[in-house]
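I am attaching a structure below and will ask some questions about it afterwards.
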Amino acid sequence: MIVPLVTGTAVAFWLLAPIIVLAAIGMVMARKPVHSALGLATVMVGLAVQYAAQQAPFLFAVQIIVYTGAALMLFLFVLMLVGVDSTDSLVETLRGQRLAAGLAAFGLGALLVGVMGNAIVEGQVVGYTPEVEGNNVQQIAYAVFGRWIFIFETTAALLITAALAAMVLAHRERIGGRLTQRRRALLRMRKYAEDGTHPGSGATPGVYARHNAVDTPALLPDGSAAESSVSTSLAARGDVVDAHRLAAATKWALDEIDGEEPVGDERQVLGTGPTARGEVDTAPRAEVGAGDERSEATAEEDAK
Amino acid sequence: MVNPLQTAILEPVAASGLFQMAWLMIAIPLVSAAFLLLVGKASNAWGHLLATLAPIASFGIGLALFFQLLGASVAERTVEVPVYEWIGVGPWDVQIALLVDQLSILFVLLITGVGSLIHIYSIGYMEHDERRRRFFAYLNLFIAAMLVLVLANSYLVLFIGWEGVGLASYLLIGFWQHRPAAAAAAKKAFVMNRVGDIGMALAMITMFAHFGSVEFAEVGKNAAQFSPLTATLVGLFLLLAACGKSAQVPLQAWLLDAMEGPTPVSALIHAATMVTAGVYLIVRSGPIFDQTPVASTAVVVVGTVTLLVGAWIGTSKDDIKKVLAGSTMSQIGYMILAAGIGPAGYVFAIFHLLTHGFFKANMFLGAGSIMHGMDDDVNMRNFGALGRAMRWTFLTFAMGYLAIIGFPFFAGFYSKDHIIVAAFEHNMIVGICALIGAGITAYYMTRLMVMTFFGRKRWEHGVHPHESPGVMVFPLVVLAILSVVAGVAMNSWINGWLVPAVGGEEHTYGLLDGFTEPIGWLTMGVVAIGVVIAVSVFKSVPKEAPRGNFLERAARRDVYGDDINNAVVVNPLMAFIGLLTGFDRGKVDGAVEGIGASTSGLGQVLRRLQSGYVRSYGLTMVAGAVLVGAVLILGQLA
Amino acid sequence: MSFPLLTLLGAVPLVGALVVMFTPRATGRVTGLFISLLTTALALVVVGLAAGGRDLSEQFTWIPAFGAHWAMNADGISLTMVLLTVLLTPFVLIASWNVGHADAEDGWGPRAFSALVLVMESFALFCFMATDVLVFYIFFEATLIPMYFLIGGFGEAGRRRAAIKFLLFGLGGGLILLAGVVGVYAISAGNGQPTMLLADLAGMPMGTGTERVLFVLFFIAFALKAPMVPFHTWLPDAAESGTPGTSALLVGVLDKIGTFGMIRFCLELFPGASQWAAPVVLILALISMIYGALAAIGETDILRLIAFTSVSHFGFIVIGIFSFTTISMTGATFYMFNHAFSTGVLFLAAHFLIQRRGSQKIADYGGVQKLAPVLAGVFLLGGLSSLALPGMSSFVSEFMVIAGSFSQNIWIGGISTLGMVLAATYILLMYQRTMTGPVTEDVEEAFGEERSNDLTGRERWAVAPLLLIIFVFGFFPKPMLDLIEPAVTTTMSQVGVSDPSLTMEGSN
Amino acid sequence: MNPENYLVLAAILFAIGTVGFMVRRNALIAFMSVELMLNATNLALVTFSRINGNIDGQIASFFVMIVAAAEIVVGLAIIVSIFRTRRSASVDDANLLKF
């Protein structure tokens, strides 16, 4: 039985091609920009392997290091700046854009395949005729610094201008002077004088609360939770512990002091009832003030 | 029935001596007219006197030429006076040249003679008109144009005079332009003359196409070479021209409206001279009409019909000038009838034309002096018993009246009698119509005389007619004498004089022929009947015109001539023009504006492509790339 | 090829226009008039020399690649056109003395008017004298510019729109002509050395198909310029909203380039095709003549009416040209010469009338003859020359056109005589409605006793010479006809047609 | 191994890149799609270089990478500056330059 001559490049190609295509489609279809970036990274790496398979080791290296490594990472930087958490709705606003785009792209693809198809007759491969002895890198170096030296220098100029352009574009003139510590204090007091905002720093998470975890909001003297004490990205993600349950005990005590009929049954208030998140608190009933029940609930909740 | 009489064609003789100055006759009135118009107000005081001298001077030259021709032998009586070369292009060699022969000299004498008398008359008549100078200038212009018409040696030069006369009549009819009726009448006259001029133009261009020249001599010589169809066509075209100018049936509506002009104008232009131009044209084109019996019969028919229509109109018009205009139309019908008969009738046509010139001018001037006395009122129902009030006018008018009805020994008797005789020889029905025409003429002329001069006074209160001043009465007297004497003087002489020029055979007519032939008696009988009926009917004349029977109502509406013209030509043309203007504004312009509007509309649509979305631009780019690629590939494959 | 006199003649008004622009505002008009009179004098000298047999043709190679030469020549026909331009322009300048706002700061004052008129005169002269297709084409298009500003800058309310419409029609025509010129170049290049010279092109052999196509192109361009019916709607609009002085020049000079072009280029370059197309063209011209006359009768605006009369007259001219007889073509050329003056007088008289009363509508007038007899007289004389009264020059030309076309085709000649009646109707109808009848009250206060503004001295001097020319050439057309006839016979021989033999050889 | 496969792959990637650019509203994603298209072209260049046995293909691809780098820098700078002023990175929001 003849074992089909399967060369390394064929394996590389047939293994990676589907992955690359799927990654590309993933990049286009992903709702979160970060996922698209990852898709693109996969495509680039896959292509790098193809370069290697096509006897272009130098390009393989450059692709991985320079292109994927640096350029793509820039994307991630900007993604972070622009708002990594923004998910785009895939609903199409322009009428008929999606259908037309699909058609156009299909036409383009067919056209390219057709054109390239008859550009190559039965795909014979001609080996490299090296102008200078040495491997691929020497030849590229010879060519780049030989024939194409002029273009090489122009690209150098191009890169400098690009860098300069980026700085110019992203630069923002500082309008006011540098905010020194003295000025910050002065401003804080002025703000307090004018509209009575609290000059001191807000409460950090867990202050006077029954727990000092990052996601537990601080409790203000009147028992309400201080929103500003928890990081906005956590709040955006919805991982903030419900302050109501924490404040219940204080509130129960205050009602007791004022002689009013305390709200809610004793069991719930003291943490032996169903937790704020609606599931029955199966933990064994313990005396009031035992911190560990609290930690079990939160651990449970964190797991979710 | 081709007429056996052969039209004489004489070789014109070169001008010599006084003849070379013949063009002066035209130049004097033309220069004086131009002078009066250009000099303007300065010449108001004496302008009209200068203007009167001009036709008198031309009359003098004319008389001198006449006597020279009388003295010359028959062969030398056709004299050609070259003036200068007008159009010398390609095959054409059109000369401005005058032709003085027996026929044209008679016309010259008529025009300048009657013209001078009317100028003298106008001095009195236009006494208090502030634009008198302009009136006399136009009269001189008319005399000059009419002389060009009769002295021309070719149809083209005749055409200059023809249109010049049309212009002069336009200016004179519309002299009192502030009156809308006069302006409309003037325009109508000019346009209808222009319709006739189409006939003239068509005739001329046919001659040019066939002979390369339009001189009477050339055309006369080569007329035989015309094919029967062309000859008939040219004949009919000339008839159309004659109808236009002489107000014959198809184109007669303008003559009655032309009475809007001052009375001397009516006398000169619409009685004596211009309206007879048509007859002159037909007599001059004798050789052509000889070739085409069809056209000749057409002329006879037109003449007869107009003869009857004119007389019919004359019977029940209350405006004295309209009656005289109707009678002019009828008398010219007689002349056209005579001219249509062929060479035999030419002489009688001209003879009647001359006598008619005298007595019709006399009666028109008489009417003018009556209007002068009656504060410009023309309605005969307000006249009556003027005989006693205006002795001289009454006497001279009576002479004219007797002449026109053909009272024995008066001018009309001789000239009309011959025509009726010739008519009977030509065709029985035509003869009878001519006879009936004579009867009706007698009827309406007597009606006019009775209503104006006899019967009870029906004057408006505050009107007291008085005799016109001497300067107006003098021409009346001269014309009256002429309308009496002219018949007798010319009866035997005119045939011998004209036959060499216009054809027909020599024949001497005695003074008493009228009494020897049965037709003469017949005519006198019919005339007598007409007079008796008129006198009896118009014993008492009611103030208000009675409703009258169908015939009278038709006559009052000019035999519905205007209504026919409007219905057949004017209204449809105006409707079509309205349509056309709408079409031009709407469609043609619309199409042009439409192109403009549609381009900007397209612009509005394409504007939307710039949607502002980068992604749609991307799509357009990719689609474009694909298209280009596809085209290239297809190009390769094809 | 001695001293380039013809180029000098064309250049004088152009340079003059520049001089006028730099003279102080007050004397601008006077210098403008002086320069136009100078051009007239120079033109008369040129005509004298040319008539005296001197060869004034000039030829300098200009663009060897196309074979384009700066070639000028003055034969009978172009001399007539030159004469008509130089004779009409000074009097239009005199008549439109106070056109434009005298103290206009934005330059649209009378000085700008004179300058633009001089520029237009210069381009027209070059057009008439050019014997090189490219030079003719360039000036054919160039004349649009000054005329656009003349219509757009001075005149009534809708002038901007009319100016644009005029320009678009002109450019449309120009475009079609350009296609023709390119075709001619292609053919001449095909037959060896590419040349634009009329002399070389005349005998150029070309396929009947191409010759016909080129003929159609040239003819449509010229039919657009000299408005024939389907393309005529720009002329009434331009005349209605431009100043009558401008319209006189537009109709008198500019539109003649169209008909002149027909003789000089359509006939001489494409003889075969002209004869092939002659019947169709004649019918089109006949329709144009009758359509123009009927539209004139139905018109209510004086200037539009006069514009439509010109459409009718152009119909006559084209009938004359395409009847291919010596008489009709000489008649047509002489017609172009007379039409300029008869319509010029009409437009200028209308100008004086409208200047006094302010409105262009016929209905607003009545009885002007009583208060301004001289103005009415001039208006009547202009009208009479327009309806071709014998004794006036237009009769000679109109009669020659009718007779010439009749001898070639009985029906065309026959129907064209209708024009005489229609002309009489629209002229006298207009005259009756405006001049005669009782004096209406607003005519009274416009021409009233106290202001007694009949024609002033200046206005009489503007119109009198034109009338003199009409009468002189009415009675003595010989000098002009002798000038035109040789050129027409050469054109006829080039087109290869001869006069129809007289059916009966009458010896005259 | 027939090089044509690589070209087909390049064509598919290029087509996906164009779809990405035309369909997605987020500027960064569109930008990434452009990068994807560039990578596709690089693949094609390398493939042709190998087919024709000439090193220039690889050099061209190399230069494409350089230019891509410059382009990314400037592109991202622009996107950041737009984001900073408009608080949104959507391509469709910047649609004022229209009819």
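Would you mind telling me which residue in D:N42, D:N52, D:N26 has the biggest mean-square fluctuation in a Gaussian network model of chain D, where springs connect alpha carbons within a distance under 10 angstrom?
Looking only at D:N42, D:N52, D:N26, the biggest GNM fluctuation is shown by D:N52.
Enumerate by residue number the trypsin sites (Lys or Arg not before Pro) in the stretch B:79-166 meeting two conditions: DSSP loop (anything except H, G, I, E, B), and at most 12 other Cβ atoms within 10 Å of the site's Cβ.
Numbers: sites: B:R131, B:R132, B:R133, B:R134; in loops: B:R131.
Qualifying residues, ordered by number: none.
Further question on the same structure: Per-residue Cβ counts within 10 Å, from other chains only, averaged over C:412-421: what number is that?
4
Along Cα→Cβ, 7 Å out, is where each label goes; now give me the distance between the ones at A:L81 and B:R179 in nm to one decimal.
Here the answer is 10.2 nm between the modelled labels.
Here is a follow-up. For Cα pairs less than 8 Å apart in space and 6+ apart in sequence, what is the mean separation divided by the residue count of the stretch A:1-84, i.e. the relative contact order in percent? Write out the running numbers ahead of the final one.
Details: 65 pairs, mean separation 23.1, N = 84.
So the answer I get is 27 percent.
Taking a point 7 angstrom from the Cα of C:W411 along the C-beta vector, which residues in the stretch C:280-306 have backbone N less than 14 Å away?
Once the point is set 7 Å along Cα→Cβ of C:W411, C:280-287 turn out to lie under 14 Å by backbone N, inside the stretch C:280-306.
Residue by residue through the stretch A:34-47, what is 3J(HN,Hα) from phi via Karplus (6.51 cos²θ - 1.76 cosθ + 1.60, θ = phi - 60°)? Round to whole Hz and write x for glycine and proline.
Coupling constants for the stretch A:34-47: 4, 4, 4, 4, 4, x, 5, 4, 4, 4, 5, 5, x, 5 Hz.
Related question: Near the amide H of B:W86, under 5 Å away, which other amide H atoms are found, from residues 5 or more places off or on another chain, if H is placed in the peptide plane?
B:V94, B:Q95, B:I96
Here's another thing I want to ask about it. Packing-wise, with mean Cβ within 10 Å as the measure, how do B:393-405, B:47-59 rank, highest first?
Working: B:393-405: 24.9, B:47-59: 21.5.
Top of the packing list down: B:393-405, B:47-59.
On C-alpha positions alone, give me the angle between the axis of helix B:102-125 and the longest principal axis of chain B, in degrees, nearest 10.
90
Something else: Debye calculation, C-alpha points only, no solvent: report log10 I(q)/I(0) for chain C at q = 0.06, 0.07, 0.09, 0.13 Å⁻¹, in the same order as the q values.
Taking Cα atoms of chain C as identical point scatterers yields -0.25, -0.35, -0.58, -1.25.
Where does each of C:47-53, B:74-80, B:498-504, B:519-525 land if you order them by average Cβ count within 10 Å, highest first?
B:498-504, B:74-80, B:519-525, C:47-53
Within chain C, which is the longest segment that contains none of the GluC sites (Glu not before Pro) sitting in a DSSP loop with at most 14 other Cβ atoms within 10 Å?
Numbers: sites that count: C:E105, C:E156, C:E449, C:E450, C:E505.
The longest uninterrupted stretch comes out as C:157-448.
Give the calculated FRET efficiency between B:F66 and B:E425 to the nearest 0.05, with a Förster radius of 22 Å applied to their Cβ-Cβ distance. Can you show the working numbers first?
Working: r = 31 Å, r/R0 = 1.41.
FRET efficiency, B:F66 to B:E425: 0.10.
Something else about it: Cβ under 15 Å from C:F231's Cβ, C:F231 left aside: what net charge do those residues give with Lys, Arg +1 and Asp, Glu -1?
Values: positive: B:K587, C:K165, C:K225; negative: B:D584, B:D589, B:E593, C:D237, C:D255.
My count for the surroundings of C:F231 gives -2.
Also, I was wondering about something else. Multiply the residue gap between B:W493 and B:R585 by 0.36 nm, knock off their C-alpha separation, and tell me the result in nm, one decimal place.
Gain on extension, B:W493 to B:R585, equals 26.5 nm.
Something else about it: Which entries in the list B:K321/C:K370; B:K221/B:K245; C:K256/C:K361; B:K188/C:K478; C:K361/C:K478 go over 30 Å, if you measure between the two C-alpha atoms of each? Before the final figure, lay out each step's value.
Details: B:K321/C:K370 26 Å; B:K221/B:K245 26 Å; C:K256/C:K361 27 Å; B:K188/C:K478 34 Å; C:K361/C:K478 40 Å.
The answer is B:K188/C:K478; C:K361/C:K478.
Given just the C-alpha atoms of the stretch D:4-86, how large is their convex hull per residue in cubic angstrom?
Details: hull volume 4.7 nm³, N = 83.
Each residue corresponds to 57 Å³ of Cα convex hull volume.
While we're on this one: What is the distance, in nm, between label points placed 7 Å from the Cα along the Cα-to-Cβ direction at C:S57 and at A:R172?
8.2
Tilt of helix C:418-435 relative to the longest C-alpha principal axis of chain C, in degrees (0 to 90, nearest 10)?
20
Moving on to the next point. Please go through the stretch C:28-64 and write out the chymotrypsin sites (Phe, Trp or Tyr not before Pro) that DSSP classes as loop and that have at most 15 other C-beta atoms within 10 Å. Present the calculation step by step, with values, prior to reporting the outcome.
Values: sites: C:F34, C:F60, C:W62; in loops: none.
Qualifying residues, ordered by number: none.
Continuing with the same structure: Quick one: plug the Kirkwood hydrodynamic radius of the stretch C:82-216 (C-alpha pairs) into Stokes-Einstein at 4 °C, 1.567 mPa s, and report D in µm²/s.
76
In what sequence, highest mean first, do B:359-369, A:194-204 appear when ranked by Cβ atoms within 10 angstrom?
The densest-packed peptide leads the list: B:359-369, A:194-204.
Rg (Å, one decimal) plus Dmax (Å, integer) for the alpha carbons of the protein assembly as shown?
Using the Cα atoms of the protein assembly as shown, the pair Rg, Dmax is 52.1, 175 Å.
Continuing with this model, one more query. When the helices in the protein assembly as shown are scored as -39500 (n - 2.57) per DSSP H run of 4 or longer and the sum is shared across all residues, what 222 nm value do you end up with, to the nearest 500 deg cm²/dmol?
-22500 deg cm²/dmol
For the stretch B:426-512, state which GluC sites (Glu not before Pro) are in a DSSP loop and have at most 15 other beta carbons lying within 10 Å of their beta carbon.
When the GluC sites (Glu not before Pro) of the stretch B:426-512 are filtered for loop state and at most 15 Cβ neighbours within 10 Å, B:E460, B:E505, B:E506 remain.
Quick one: net charge around C:F66, please, counting Lys, Arg +1 and Asp, Glu -1 for every other residue with C-beta under 14 Å from its C-beta.
Local net charge: -2.
When the Cα atoms of chain B are enclosed in a convex hull and the volume is divided per residue, what value in Å³ results? Walk me through the numbers before you get to the answer.
Details: hull volume 161.4 nm³, N = 638.
Cα convex hull per residue, to the nearest whole number: 253 Å³.
Measuring from centroid to centroid over Cα atoms, what is the spacing of the stretch B:211-254 and the stretch B:100-151 in Å?
27
If R0 is 56 Å, what FRET efficiency do you get for B:K457 and B:W521 from their C-beta distance, rounded to 0.05? Could you put the intermediate results ahead of the total?
Working: r = 38 Å, r/R0 = 0.69.
Efficiency, rounded to the nearest 0.05: 0.90.
Near the amide H of A:A218, under 5 Å away, which other amide H atoms are found, from residues 5 or more places off or on another chain, if H is placed in the peptide plane?
A:G206, A:V207, A:A226, A:S229
Sticking with this one: Tabulate in residue order the Karplus-calculated ³J(HN,Hα) for the stretch C:302-316, using 6.51 cos²θ - 1.76 cosθ + 1.60 with θ = phi - 60°, rounded to whole Hz; enter x for Gly and Pro.
So the J values, rounded to whole Hz, are 4, 5, 4, 4, 5, 4, 5, 4, 5, 4, 5, 5, 5, x, 4.
Also, I was wondering about something else. Report, in degrees rounded to the nearest 10, the 0 to 90 angle that the Cα long axis of helix B:411-426 makes with the longest principal axis of chain B.
With both axes taken from Cα atoms, the answer is about 60 degrees.
Turning to a different aspect of this structure: Stretched out fully, how many nm does the piece from B:R391 to B:V471 gain, at 0.36 nm a residue minus the Cα gap?
Working: separation 80, 0.36 × 80 = 28.80 nm, distance 1.54 nm.
Gain on stretching B:R391 to B:V471: 27.3 nm.
What is the distance, in nm, between label points placed 7 Å from the Cα along the Cα-to-Cβ direction at A:E227 and at C:K361?
Those two pseudo-labels are separated by 7.4 nm.
Let me know the mean shielding of B:221-229 by other chains, meaning the per-residue number of their Cβ atoms within 10 Å of its Cβ.
Values: counts 2, 6, 0, 1, 4, 2, 2, 0, 0.
Neighbouring Cβ atoms belonging to other protein chains average 2 per residue here.
Related question: Between C:L168, C:I220, C:L201, whose Cα lies farthest towards the positive end of the dipole of the stretch C:161-242 when Lys and Arg beta carbons carry +1 and Asp and Glu beta carbons carry -1, centred on the Cα centre?
C:L168
Give me a comma-separated list of calculated 3J(HN,Hα) values for the stretch C:184-192, in order, Karplus coefficients 6.51, -1.76, 1.60 applied at θ = phi - 60°, integers in Hz, x for any Gly or Pro.
4, 4, 4, 5, 5, 5, x, 8, x
Now a separate question. Per 10 Å bin, what percent of the C-alpha pairs of the stretch B:411-560 does each bin hold, from zero upward?
9, 25, 31, 23, 10, 2
Applying 1/(1 + (r/R0)^6) with R0 = 25 Å to the Cβ-Cβ distance of A:L90 and D:I78, what FRET efficiency is obtained, to the nearest 0.05?
Plugging the Cβ-Cβ distance into 1/(1 + (r/R0)^6) gives 0.55.
What average number of partner chain Cβ atoms lie no more than 10 Å from the Cβ of the residues making up D:26-38?
6
Another one. Amide H to amide H under 5 Å from B:V79: which residues, 5+ apart in sequence or cross-chain, H placed 1.01 Å off N in plane?
The answer is B:V13, B:V100, B:D101.
Order these by the 10 Å Cβ neighbour count, fewest first: D:F99, C:F322.
Ranked by crowding around the Cβ, least crowded first: D:F99, C:F322.
No lab work stands behind these numbers, since they all come straight from the coordinates. This is a predicted model, so every value here is computed, not measured. Don't worry about glycine lacking a Cβ; one is built from the backbone with ideal geometry, like all the others, and counts go over all protein chains shown.
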